[in-house]
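Sending over a structure as structure tokens; questions will come in a sec.
The values are calculated or read from the model by the stated rules, or taken from the named source; none is laboratory data. Everything quoted here is computed from the prediction, not taken from an experiment. Positions of Cβ are generated from backbone atoms using ideal geometry, with glycine treated the same way; all protein chains shown enter the neighbour counts.
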Amino acid sequence: MSAPTIPPLAPGQVVVDVPTLQAWLQAGHALRLIDARCAPVTGGGDRAAGRKAWQAGHLPGALHADLDLDLAAPAASTPGQGRHPLPGQEAFNAALGRWAIAPDTTVVVYDAADGSMAAARLWWLLRLLGHTRVLVLDGGVAAWTAAGLALHTDTPVVAPLPPYPGRFDPSQVVNADQVLARLGQAPGWLLDARAPARFAGEQEPVDPVAGHVPGALNLPYAALVEQGRLLPPAQIRARVQQVLGHANVQDTVLMCGSGVTACHLLLALESAGLHGARVYAGSWSGWIADSLRPVAVGATG
């Protein structure tokens, strides 16, 4: 007897809370849980920290996705594309097959807390394939354990499927040439999700050049979360309004250091009903790979 399917998702739904996920699991609903915890992408730390955390305790039935091995191509193999280039199409589709993810699978992704390291990255990659039944667990492991729910230490086994059928939609991914072509436009078309000190060029813990793309505005992804959870939609819209002067993000480009936390910024915008933004995959680390590209410093674009 097959597991019952999850009720239809709300239009535009991109996150799920712990009580709802717990109810789905208790009811035996068919879904695939993916643990995307990773080491901070700002440098340092054990690159295997995410997998070790999964081994030490994970949500029931959750498989692990590794940011560097599964959700990005090796930077050395794709020079100029940043520290976390898009994964190869065949490799990523094969990984989805290993995780038993098919086009009709409901996927719930989580990480340590707010979704930035690196649940939102997998959410975005699946959306690039046209897979809309994917949600990020709001609050992640921290919210799960805060609710008094147990973590498991078993190694879940799933029957693998063939590689996922589909290809990334190139229209939803921005490259450096497209960013270069828009330099000189009025500020507001490019949002940088990094911390203010990195955006301003006051500090740079991981990349060899500090600063930002000229014309970019700073909307730190961390400004859209509180205690590990996304802010309510109205508050997210208000913060976008403060930065842009309006709340229309249609054709806005999002970037960060390497294309990871920009995905979280996109997740936050989508959760607030703000649609149409796209991610510059190479982000800052890809931009500065060419020394001829301009760099700005300071708190403004």
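Output yes when any residue across segment 120-142 is in the same structural domain as Arg47 (by TED's automatic domain parsing), assigned to a loop (DSSP other than H, G, I, E, B) and of a type in the set (Phe, Trp, Tyr), and no when none is.
Taking every residue of segment 120-142 in turn, none turns out to be in the same structural domain as Arg47 (by TED's automatic domain parsing), assigned to a loop (DSSP other than H, G, I, E, B) and of a type in the set (Phe, Trp, Tyr).
Out of all the residues in segment 13-61, which are among the small types (Gly, Ala, Ser) and under 17 Å from Ala118 (Cβ atoms)?
Residues satisfying the conditions are Ala36, Ala39, Gly43, Gly44, Gly45, Ala48, Ala49, Gly50, Ala53.
Moving on to the next point. How many residues are under 26 Å from Leu269 (Cα atoms) and either exposed (fewer than 10 other Cβ atoms within 10 Å of the Cβ) or not hydroxyl-bearing (Ser, Thr, Tyr) (or both) if we restrict to segment 1-30?
Summing the residues that are under 26 Å from Leu269 (Cα atoms) and either exposed (fewer than 10 other Cβ atoms within 10 Å of the Cβ) or not hydroxyl-bearing (Ser, Thr, Tyr) (or both) in segment 1-30 gives 17.
Also, quick follow-up: Any residue at all in segment 188-195 that is surrounded by fewer than 20 Cβ atoms within 10 Å (Cβ to Cβ), among the aliphatic types (A, V, I, L, M) and not assigned by TED's automatic domain parsing to the domain that holds Ala143? Before the answer, list the steps.
Here is the first cut: in segment 188-195, the residues surrounded by fewer than 20 Cβ atoms within 10 Å (Cβ to Cβ) are 188-189.
So of that shortlist, the ones also among the aliphatic types (A, V, I, L, M) come out as none.
The answer is no, given that none of the residues of segment 188-195 is surrounded by fewer than 20 Cβ atoms within 10 Å (Cβ to Cβ), among the aliphatic types (A, V, I, L, M) and not assigned by TED's automatic domain parsing to the domain that holds Ala143.
Do we have Arg121 as in contact (Cβ under 8 Å) with a residue 40 or more places away in the chain, within 27 Å of Ala277 (Cα to Cα) and surrounded by fewer than 20 Cβ atoms within 10 Å (Cβ to Cβ) here?
Numbers: in contact (Cβ under 8 Å) with a residue 40 or more places away in the chain: yes; within 27 Å of Ala277 (Cα to Cα): yes; surrounded by fewer than 20 Cβ atoms within 10 Å (Cβ to Cβ): no.
Here the answer is no, as Arg121 does not meet what is asked.
Looking at (1) in the same structural domain as Ala176 (by TED's automatic domain parsing); (2) farther than 21 Å from Asp138 by Cα; (3) in contact (Cβ under 8 Å) with a residue 40 or more places away in the chain, which is the only condition Arg293 fails?
(1)
Next up: Go through segment 197-221 and give me each residue that's of a type outside the set (A, V, I, L, M, F, W, C), more than 19 Å from Leu267 (Cβ to Cβ) and either surrounded by 14 or more Cβ atoms within 10 Å (Cβ to Cβ) or free of Cβ contacts under 8 Å to residues at least 24 places away in the same chain (or both). Steps first, please.
Filtering segment 197-221 for residues of a type outside the set (A, V, I, L, M, F, W, C) gives 198, 201-205, 207-208, 211-212, 214-215, 218, 220-221.
When the remaining residues are screened for being more than 19 Å from Leu267 (Cβ to Cβ), the result is 198, 201-205, 207-208, 211-212, 214-215.
Once the filter is applied, which keeps residues that are of a type outside the set (A, V, I, L, M, F, W, C), more than 19 Å from Leu267 (Cβ to Cβ) and either surrounded by 14 or more Cβ atoms within 10 Å (Cβ to Cβ) or free of Cβ contacts under 8 Å to residues at least 24 places away in the same chain (or both), segment 197-221 yields Arg198, Gly201, Glu202, Gln203, Glu204, Asp207, Gly211, His212, Pro214, Gly215.
One line per residue, one yes/no per condition, for (1) in contact with a Cys (Cβ under 8 Å, 6 or more places away or on another chain); (2) of a type in the set (A, V, I, L, M):
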position	(1), (2)
Asp35	no, no
Ala49	yes, yes
Ala53	no, yes
Ala62	no, yes
Gly82	no, no
Asp114	no, no
Ala118	yes, yes
Arg121	yes, no
Gly130	no, no
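What tally of residues in segment 143-170 results from selecting those that are within 25 Å of Asp35 (Cα to Cα) and part of a helix (DSSP H, G or I)?
Taking segment 143-170 and keeping what is within 25 Å of Asp35 (Cα to Cα), we get 143-169.
Add one more test, that the residue is part of a helix (DSSP H, G or I), and what stays is 143-146.
The total comes to 4.
This table checks each residue for (1) aromatic (Phe, Trp, Tyr); (2) in contact with a strand residue (DSSP E or B) (Cβ under 9 Å, 6 or more places away or on another chain); (3) surrounded by 14 or more Cβ atoms within 10 Å (Cβ to Cβ); (4) within 29 Å of Gly276 (Cβ to Cβ).
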residue: Ala150; (1), (2), (3), (4): no, no, no, no
residue: Val157; (1), (2), (3), (4): no, no, no, no
residue: Pro162; (1), (2), (3), (4): no, no, no, no
residue: Asp169; (1), (2), (3), (4): no, no, no, yes
residue: Gln172; (1), (2), (3), (4): no, yes, yes, yes
residue: Ala176; (1), (2), (3), (4): no, yes, yes, yes
residue: Val179; (1), (2), (3), (4): no, yes, yes, yes
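Further, regarding this structure: Taking into account only those residues within segment 52-104 that are of a type in the set (D, E, K, R) and in a loop (DSSP other than H, G, I, E, B), which is surrounded by the most Cβ atoms within 10 Å (Cβ to Cβ)?
For segment 52-104, the residue satisfying everything is Arg83.
Same structure again: Being closer than 23 Å to Gly140 by Cα, within 15 Å of the chain's Cα centre (by Cα) and in contact (Cβ under 8 Å) with a residue 24 or more places away in the chain is true for just one of Leu63, Leu67, Leu86, Leu59. Which residue is that? Show your work before the answer.
Values: Leu63 fails: within 15 Å of the chain's Cα centre (by Cα); Leu86 fails: closer than 23 Å to Gly140 by Cα; Leu59 fails: within 15 Å of the chain's Cα centre (by Cα).
Criteria check complete, one pass: Leu67.
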